[in-house]
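One structure below.
The values are calculated or read from the model by the stated rules, or taken from the named source; none is laboratory data. Small disclaimer: the values here were computed from a predicted structure and weren't measured. Neighbour counts run over all protein chains shown; Cβ positions are idealised from the backbone, glycine included.
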Amino acid sequence: MTDFFKGIEPVKYEGPETTNPLAYRHYNPDEVILGKRMEDHLRFAVAYWHSFAWEGTDPFGGRTFERPWFDGGMDAATVKADVAFDLFALLGVPFFCFHDADVRPEGESFAESKSRLDAIADVFEKKMAETGVKLLWGTANLSSNRRFMSGAATNPDPDVFAYTAATIKANMDVTMRLGGANYVLWGGREGYETLLNTRLGQELDQMARMLSMVVDYKHKIGFKGTILVEPKPQEPTKHQYDYDVATVYGFLRRYGLEDEVKVNIEVGHAFLAGHTFEHELALAAALGIFGSIDMNRNDYQSGWDTDQFPNNAQETTLAYYHILKAGGFGTGGTNFDSKLRRQSVDPVDLLHGHIGGMDTCARGLKAAAAIIEDGTYDAFLNERYKDWQGAEAQAMLKGDRSLEEIAARVEHEGINPPLRSGRQEFLENLINRFV
Ligand code: GLO
Ligand code: MG
């Protein structure tokens with residue numbers, strides 16, 4: 001242990017009644033929920049970038065945090081890794097996630113950046129073996145460096161496309177070496193600032209080519225993890241091509257990648273796209289592309305991606321309900337792509353943020369499991385759709401009836417459907433019983 005978190009003890013489960021702010025009230029890793037340990041349901045991950053690389057800046061102000069590794073070279077990057085693994089151990093999280101740019105200083109050349117990434121991966125490999133902490137996913141930062149200002153895979157300059165390919169390969173190699181469960185692509189600059197300078201169709205083809213190469217490379221090296229695309233509608237660009245789950249699915253279908261790629265859905269990105277998080281989860285599950293989640297909320301008023309720790313148990317309940325109904329996480333998990341507020345300058349604030357987030361998720365998971373075990377809600381849905389089990393309804397659904405045949409039957413039988421209540425208020429009350 002370094003002395004960064006001096007005086008802070010490993011966080012333990014003390015139950016809902018505890019008043020200890022550095023204890024879990026709901027996250028109890030070994031508690032069995034629907035036949036599975038809570039830790040194995042939730043698969044929590046700490047995001048390296050927000051917790052260790054972010055400096056507390058905002059568009060109007062610079063760094064507020066003081067961290068001993070800021071402004072340093074490779075030695076500082078190693079200190080950062082030591083502190084990161086201290087936090088993982090204090091929290092008892094099973095996973096972490098990182099971008100290349102979070103963990104190593106940028107080199108003078110591509111080769112230098114790559115060898116620095118490899119050197120930090122050596123450090124990680126050792127620490128992972130010592131602590132048992134695993135990698136939920138690796139990813140490349142293809143947005144921060146100014147070379148990507150006009151896009152990474154979608155850049156008008158093919159040399160930037162090539163640089164992107166090389167960067168992704170280096171990150172996939174490291175993710176594979178560290179036994180990562182997934183590899184994520186978030187297209188922060190894959191979009192446009194103005195359509196006036198943009199050939200949209202050309203850029204989509206470029207993006208698809210990159211993703212196809214990623215999938216080919218995954219199979220070539222025998223990476224067993226899942227390739228995940230993370231939808232987001234805008235910010236930093238005016239428009240991002242991975243707008244939302246529906247858009248990503250259409251893109252994957254068009255380029256024949258729908259069986260190879262799944263989605264990493266982020267709460268705040270769903271908000272920005274004008275959806276609820278559970279909408280995105282339910283749609284991904286229905287389309288068979290649900291993969292993993294970034295569990296961080298946005299401020300309801302500010303209208304931008306504030307990446308706050310979750311703290312609303314009703315929202316996490318609905319989210320985990322859909323995740324449980326989708327069969328739970330396969331290779332995915334719950335990544336906190338969440339950062340402290342810039343006034344939260346103390347190391348202990350990293351603990352408060354994660355403890356609150358983990359407890360809010362655990363509470364949501366328990367409530368979602370209770371909804372499923374109770375069965376009233378699922379029974380309501382079954383009842384609402386049950387007439388579709390009838391022979392004539394099935395014939396319509398399977399395509400055994402034409403528009404004319406159905407029209408003739410409606411006329412002949414004098415069909416005049418009665419109104420049925422949607423029972424929204426009843427359902428809202430029902431869900432609230434469990435939260
Ligand atoms: C930004 C995204 C970003 C991604 C990360 C993983 O809005 O949420 O943090 O999650 O780059 O690819
Ligand atoms: Mg994210």
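Miscellaneous remarks
- Picking from residues in the range 274-312 that are within 13 Å of ligand 2 (Cβ to nearest atom) and either assigned to a helix (DSSP H, G or I) or among the hydrophobic types (A, V, I, L, M, F, W, C) (or both), the one that is nearest to the chain's Cα centre (by Cα) is Ile293.
- Some residue of the range 238-260 being within 15 Å of ligand 2 (Cβ to nearest atom), hydroxyl-bearing (Ser, Thr, Tyr) and farther than 21 Å from Lys325 by Cα: yes
- Scanning the range 313-336 for residues that are assigned to a loop (DSSP other than H, G, I, E, B) and either crowded, with 24+ Cβ neighbours inside 10 Å or more than 16 Å from ligand 1 (Cβ to nearest atom) (or both) gives Ala326, Gly327, Gly328, Phe329, Gly330, Gly332, Gly333.
- Qualifying positions in the range 114-167 - on the phi > 0 side of the Ramachandran plot and either loosely packed, with under 15 Cβ neighbours inside 10 Å or among the aliphatic types (A, V, I, L, M) (or both): Gly132
- Of all the listed residues (Asp346, Asp337, Asp359), the sole one being touching an Asp or Glu at 6+ places or on another chain (Cβ under 6 Å) and not small (Gly, Ala, Ser) is Asp337.
- When residues of the range 29-48 are limited to those that are in a loop (DSSP other than H, G, I, E, B) and touching a Lys or Arg at 6+ places or on another chain (Cβ under 9 Å), the one nearest to Gln308 (Cα to Cα): Pro29
- Residues of the range 282-307 classified as within 16 Å of ligand 1 (Cβ to nearest atom) and more than 10 Å from Ile265 (Cβ to Cβ), total: 10
- Every residue from the range 3-28 that is outside any strand (DSSP E or B), under 26 Å from the mean Cα position of the chain (by Cα) and crowded, with 18+ Cβ neighbours inside 10 Å: Val11, Arg25, His26, Tyr27, Asn28
- Conditions (1) touching a residue at least 60 places away in the same chain (Cβ under 8 Å); (2) in a helix (DSSP H, G or I); (3) not basic (Lys, Arg); number of the one not met by Gly201: (1)
- Selection of the range 228-245 for residues being away from ligand 1 (no atom under 11 Å from the Cβ), among the charged types (D, E, K, R) and surrounded by 20 or more Cβ atoms within 10 Å (Cβ to Cβ) yields only Asp244.
- Selection of the range 392-435 for residues being of a type in the set (Lys, Arg) and either modelled with pLDDT under 95 or at positive phi (or both) yields only Arg423.
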